[in-house]
1. Quote the charge dipole size of the chain about the Cα centre in Debye, to the nearest 20; the model charges only the Cβ of Lys and Arg (+1) and of Asp and Glu (-1).
2. Taking the Cα centre of the chain as the origin and placing charges on Cβ (Lys, Arg +1; Asp, Glu -1), which of Val210, Met235, Ser81 is farthest toward the positive end of the dipole?
3. At q = 0.14, 0.18, 0.23 Å⁻¹, what log₁₀ I(q)/I(0) does the range 193-233 have when each alpha carbon counts as one equal point scatterer in the Debye sum?
4. What is the distance in Å between the Cα centres of the range 166-193 and the range 55-124?
5. Place a +1 charge on the Cβ of each Lys and Arg in the range 126-284 and a -1 charge on the Cβ of each Asp and Glu, then give the dipole magnitude about the Cα centre in debye, rounded to the nearest 20.
6. So if we plug the beta-carbon distance of Lys99 and Glu37 into 1/(1 + (r/R0)^6) with R0 = 30 Å, what FRET efficiency do we get, rounded to 0.05?
7. Subtract the Cα-Cα distance of Thr199 and Ala149 from 0.36 nm times their separation in residues, and report this length gain in nm to one decimal.
8. Test of understanding: in a Gaussian network model of the chain with alpha carbons linked when under 10 Å, which of Leu181, Leu286, Leu206 would top the mean-square fluctuation ranking?
Amino acid sequence: MNNGKGGGVKGQGKNNVKIVECPRDAWQGLPGQIPAEVKASYLRLLVDAGFRHIDAVSFVSPQHVRQSSDSEVVLESFFSSLPANSASPEIIGIVVNEKGAERALASRGVTTLGYPYSISAYFRRANANMSRSESRELVEQLRKATVTAHRDMVVYISMAFGNPYEEPWGVEIVEDALLWLASVGIGTVSLADTVGTATPEEVGSLYSAVKGCAEGLELGVHLHSRPEGAAEKVMSAYNAGCRRFDSALTGLGGCPFAGDDLVGNIATETVIRVLSENGIDTELGLADLAPAMIQMHEIRDKYSVAG
C-alpha cells in the first residue's frame, strides 16, 4: 500500500488518467434514505463497469448527513457480494473528525480516509465549526492514524478556485495549503471548485500555477459545474497537467451552497467522453457504464423526495 509520500502520480503513465467515482457525494443531498442494500448493489455495478477508485461512503454524524448513517452496513454488504479472489477497489471514506476516522478505520474495506480542508474561514466554520489551526491539527492527527493503520489519505481543498464569501483568496493561499499538507505527509490532494463557479480558464490557470509547488504530490480536481462548460473544464484541467478527476455518474450531487440547482458534480460520462474524443485512455468504456447509470437514474427518481 502507498505510504502517501508521493513520487509522482501513483500508478499512472504520462497520459493515463485516474477517475475517482463519487457516489457518496452524489447521494448525500437526496432527502429520501437509500437502503443500504441498494447502495451496496450500486457499488458492485461500479466495480463491474471497471471503476477502481470509489469515493463510496462518509463517516459523519447522521444528524448532519442522514445518508451516512449506514456506511458500515453498506461496505459489509458490498464486500460480501464480491467474488472470491476478485480485486478490491480503493474505497475512500470521508471523515470530518476523529470519531469518524475511528469508524472508517474499523470498517471493512476502507483503504483511504478523505478529509475536506477549507481555505475559507466562513465555509470551514459553517461546515465543521473549526478554526484553521484546529483543522490543521486534525489533519495531522488523521495522518498519524492512517500511517498506524497502513491506510492512505486524500485531502480536498475546499474553495480552491475562488471564494464567494468576500474573504481573501489567491493562488498564494492555495499554494500555502499545498505546501503545508505536503510537509505533514499528505501525498494526495484534490482541488475542489466547491460552488461550481470557476471558468475553464480559471481551472487551468490555477492548476498550472500550483501543480509544481510541492514535489511528489498527486494533485487532482474535484469540480462542480453546470452541465454546459463541464467538458471544457475537464480538458482545461487535463491540458494543465491534471491526471486525477473526481466525478459522479449522471452529474448528481455537488454543493448545496452553490445557489444554482443545475450545479452538480461533473458527470463521469462527460469526463470519459471528452477525454476519449481527445485520444486519452481512461480504461473505462461508455457502454460499460449503462447498468450503473440505469440504477443511478432509478435512485434519483425514487429518493429525490423524503420517504
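Bear in mind these aren't lab numbers, they're just calculated from the coordinates by the rules spelled out. Not measured: the values here are computed from a predicted model. FYI the Cβ positions are ideal-geometry reconstructions off the backbone, even for glycines, and counts take in every protein chain you see.
1. On the way: 27 positive and 37 negative charges, 137 e Å.
That gives the chain a dipole magnitude of about 660 debye.
2. Working it through, the farthest residue towards the positive pole turns out to be Ser81.
3. The calculated log intensity ratios at q = 0.14, 0.18, 0.23 Å⁻¹ are -0.34, -0.53, -0.78.
4. After rounding, the separation between the Cα centres reads 23 Å.
5. Numbers: 11 positive and 23 negative charges, 91 e Å.
Roughly 440 debye for the range 126-284.
6. Values: r = 26 Å, r/R0 = 0.86.
Once rounded, the FRET efficiency stands at 0.70.
7. On the way: separation 50, 0.36 × 50 = 18.00 nm, distance 3.93 nm.
The span from Thr199 to Ala149 would gain 14.1 nm if fully extended.
8. Per the Cα network of the chain with a 10 Å cutoff, Leu286 tops the list.
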